[in-house]
Amino acid sequence: MISEGQRQYLSACECLVSLLGAILPLVREFFRAKALLCHTECIHGMREIATICSLDLISTLR
């Protein structure tokens, strides 16, 4: 038996997943229309963020 709070959390997750499913193709089309440079900068930025988060996590675990 799941509680009301868990049920609300699950429905929020389902909503978010379906929203992402609807947005991702649009984002993909947007990047295809834009220059490859923009896409590359975005990936580079994400990589930097991921690296910073990883370093924070590692320093926290030490």
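Hey, does the stretch 19-35 have a residue that's of a type outside the set (A, V, I, L, M, F, W, C), surrounded by 10 or more Cβ atoms within 10 Å (Cβ to Cβ) and at pLDDT below 75? Looking for residues that are of a type outside the set (A, V, I, L, M, F, W, C), surrounded by 10 or more Cβ atoms within 10 Å (Cβ to Cβ) and at pLDDT below 75, one finds at least one in the stretch 19-35, hence yes. For Ile2, the conditions (1) modelled with pLDDT of 75 or more; (2) among the β-branched types (Val, Ile, Thr); (3) surrounded by fewer than 10 Cβ atoms within 10 Å (Cβ to Cβ) are fulfilled apart from (1).
The values are calculated or read from the model by the stated rules, or taken from the named source; none is laboratory data. Every value quoted in this text rests on a predicted model; they were computed, and no experiment measured them. Cβ sites come from the backbone with ideal geometry, for glycine too, and all protein chains shown count toward neighbours.
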